[in-house]
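The next block holds one structure in the form of structure tokens; read it before the comments.
The values are calculated or read from the model by the stated rules, or taken from the named source; none is laboratory data. Bear in mind the structure is a predicted one, so any value in this text is a computation, not a measurement. In this analysis, Cβ positions are derived from the backbone assuming ideal geometry, glycine residues included, and neighbour counts consider all displayed protein chains.
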Amino acid sequence: MEKMSTETKPEYSPGLAGVIAGETAICWVDPNAGLMYRGYDIHDMAQKASFEEVAYLLLNGELPDAKQLAEFRQQLAAERALPGPVMDMLRLLPRGSHPMDMLRTGVSMLGAFDKDLNDHSHDANVRKSIRLIARVSILITDGWRILHGQEPLPEKPDLTQAANFFYKLEGKVPQTWQIRMLDTIFNLYADHEFNASTFTARVVASTLSDIYAAVTAACAALKGPLHGGANEESMKMLEEIGVPERVETWLKKKLANKEKIMGFGHRVYKKGDSRVPAMREIGRELGRRTGREQWIPICEKLEEIMDREKHLCANVDLYAAPVFAMLGFSPELNTPLFAASRVAGWCAHVVEQQDNNRLIRPRSLYVGPQMRPYPGPTRA
Ligand code: COA
């Protein structure tokens, strides 16, 4: 048998676990339960800053002053309207479509309407990022209404991203505490270094394809239940369990069947997800406000048993699920809500990638048959 190659066996890390695939100045995930955006500790900032402030920081590297923030808000509000043909396309999708599929298709189509599409300069990428942050939200909210046979609502440009998300779904301007909560949630979800969807976006951007292509691919990656899709799956799990007393029996059966428990485990965090305490706290407050106090005790019981049986910690998606339910969102909107925030991180990473680009192209370890002779064409 011919020898394949003289190459010595390279180092290999399945799933790229622990591999440093690039540098970033945007976000740092500390495996010991820490998270930082551009040097600012998320624990402090998430509950005080508006999502616009955080999105500006991720995109531009520094916090905005009052004038810059006001301008950024206006730019976002001014870019919300979707082109008519994109609205028409949303109406063509089958009623049973998942909002993540609608979003991915919508983002892809939006690219064709952006005059800056193939300009990858820093300034053009930032301009496109503002449009994407504004329009991803609207694709979700208008798409949702269309899916449910309702007409999209006219824009209210004075509303912030978080307030507008509520308004565009239901037609009611939310209360201040609801807006504050959604701002905090958006801030917690806004970036997470080289997570699967962001890495996908960077791979696409590294070929010098455009930012819409990168965000389309990121939406596709986010949908999967091992990534963003986990926050929808977690809600199904909590509903199946129903009451805290059922957790132990339910969980032991699942673990005995070697099933994955949604909302648990993380590739980087091994001592807890930095975003969980804030999300859990929002869940507790919402439980009191809505009278739906069963969800957080179910999550806590799950945490206790998963720690004891598997030494696995909860991730943010476990608590995001009941939080979104108590805020009045349907579970199918859980992953799109994640996207409405993470789009800021995706865009910041595409800008960073293309400002200092190198093609991302790893190797694979060949495990197929050894070299063998071709026996000649197959005859019918
Ligand atoms: N439920 C049950 N077992 C789990 C688990 C979970 N949620 N997450 C990890 N494990 C197990 C693995 O099966 C593995 O067991 P083994 O050693 O007996 O094979 C062990 O824990 C180590 O996990 P590993 O597969 O190395 O984790 P990973 O880094 O490859 O995967 C996730 C990380 C997030 C994909 C994984 O934890 C998962 O699927 N979680 C559920 C989905 C989820 O909540 N995703 C959102 C992430 S923010």
(request) Would you mind telling me which numbered condition in (1) within 15 Å of the ligand (Cβ to nearest atom); (2) part of a loop (DSSP other than H, G, I, E, B); (3) among the basic types (Lys, Arg) Arg308 fails? (result) (2)
(message) Please go through the stretch 48-72 and give me each residue that is among the charged types (D, E, K, R), without any contact (Cβ under 8 Å) to a residue 60 or more places away in the chain and surrounded by 14 or more Cβ atoms within 10 Å (Cβ to Cβ), ordered by number.
(response) Glu53
(request) Report, by residue number, each residue of the stretch 19-35 that is touching a helix residue (DSSP H, G or I) at 6+ places or on another chain (Cβ under 8 Å) and more than 16 Å from Gly272 (Cβ to Cβ). (result) Ala21, Gly22, Thr24, Ala25, Ile26, Cys27
(request) Just give me the residues in the stretch 253-271 being more than 12 Å from the ligand (Cβ to nearest atom) and at pLDDT 95 or above, in sequence order. (result) Lys253
(request) Any residue in the stretch 367-380 that's assigned to a loop (DSSP other than H, G, I, E, B): show its pairings with residues that are surrounded by 10 or more Cβ atoms within 10 Å (Cβ to Cβ) at Cβ separation under 9 Å, as long as the two are six or more apart or on different chains. (result) Gln370/Met4; Met371/Met4
(request) Residue by residue through the stretch 274-288, note down the ones that are in contact with a strand residue (DSSP E or B) (Cβ under 7 Å, 6 or more places away or on another chain) and not aliphatic (A, V, I, L, M). (result) Ser274, Arg275
(message) I need every pair where a residue in the stretch 258-284 that is over 22 Å from Glu232 (Cβ atoms) and without any contact (Cβ under 8 Å) to a residue 40 or more places away in the chain has its Cβ under 9 Å from the Cβ of a residue that is within 8 Å of the ligand (Cβ to nearest atom) and part of a helix (DSSP H, G or I), sequence separation at least 6 or different chains.
(response) none
(request) Being closer than 25 Å to Leu147 by Cβ and crowded, with 16+ Cβ neighbours inside 10 Å is the filter here, so list the residues in the stretch 102-130 that pass it. (result) Met102, Leu103, Arg104, Thr105, Gly106, Val107, Ser108, Met109, Leu110, Gly111, Asp114
(message) List pairs: first residue in the stretch 145-165 and in contact (Cβ under 8 Å) with a residue 60 or more places away in the chain, second residue among the polar types (S, T, N, Q) and in a helix (DSSP H, G or I) anywhere in the structure, Cβ distance under 7 angstrom, at least six positions apart or on different chains.
(response) Gln161/Ser137; Asn164/Ser137; Phe165/Ser137; Phe165/Thr141
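Go over the candidates Leu222, Leu226, Leu139, Leu153 one by one and state the one that is within 16 Å of the ligand (Cβ to nearest atom), touching a Gly at 6+ places or on another chain (Cβ under 7 Å) and farther than 16 Å from Glu352 by Cα.
Details: Leu226 fails: touching a Gly at 6+ places or on another chain (Cβ under 7 Å); Leu139 fails: within 16 Å of the ligand (Cβ to nearest atom); Leu153 fails: within 16 Å of the ligand (Cβ to nearest atom).
The conditions single out Leu222.
Among the residues of the stretch 272-281 satisfying the criterion of being outside any helix (DSSP H, G or I) and either under 18 Å from the mean Cα position of the chain (by Cα) or of a type in the set (Ser, Thr, Tyr) (or both), which is farthest from the ligand (Cβ to nearest atom)? Give the derivation first.
Looking only at the stretch 272-281, we keep the residues that are outside any helix (DSSP H, G or I), and these are 272-275.
Those still in the list that are either under 18 Å from the mean Cα position of the chain (by Cα) or of a type in the set (Ser, Thr, Tyr) (or both) too: 273-275.
Details: Asp273: 7, Ser274: 11, Arg275: 9 Å.
Here the residue is Ser274.
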(request) Please state which one of Pro14, Pro85, Pro99 is buried (at least 17 other Cβ atoms within 10 Å of the Cβ), at pLDDT 95 or above and farther than 22 Å from Val126 by Cβ. (result) Pro99
(message) Can you tell me which residue is nearest to the ligand (Cβ to nearest atom) among those in the stretch 229-252 that are within 29 Å of Ala339 (Cα to Cα) and assigned to a loop (DSSP other than H, G, I, E, B)?
(response) Gly229
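Output the residues belonging to the stretch 311-323 that are within 12 Å of the ligand (Cβ to nearest atom) and in contact with a helix residue (DSSP H, G or I) (Cβ under 8 Å, 6 or more places away or on another chain). I'd like the intermediate steps shown before the answer.
Just the residues of the stretch 311-323 that are within 12 Å of the ligand (Cβ to nearest atom), to begin with: 311-321.
Answer for the stretch 311-323, where residues must be within 12 Å of the ligand (Cβ to nearest atom) and in contact with a helix residue (DSSP H, G or I) (Cβ under 8 Å, 6 or more places away or on another chain): Leu312, Cys313, Ala314, Asn315, Val316, Asp317, Leu318, Tyr319, Ala320, Ala321.
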(request) For Met326, work out the one condition from (1) within 16 Å of the ligand (Cβ to nearest atom); (2) touching a Leu at 6+ places or on another chain (Cβ under 6 Å); (3) free of Cβ contacts under 8 Å to residues at least 60 places away in the same chain it doesn't fulfil. (result) (1)
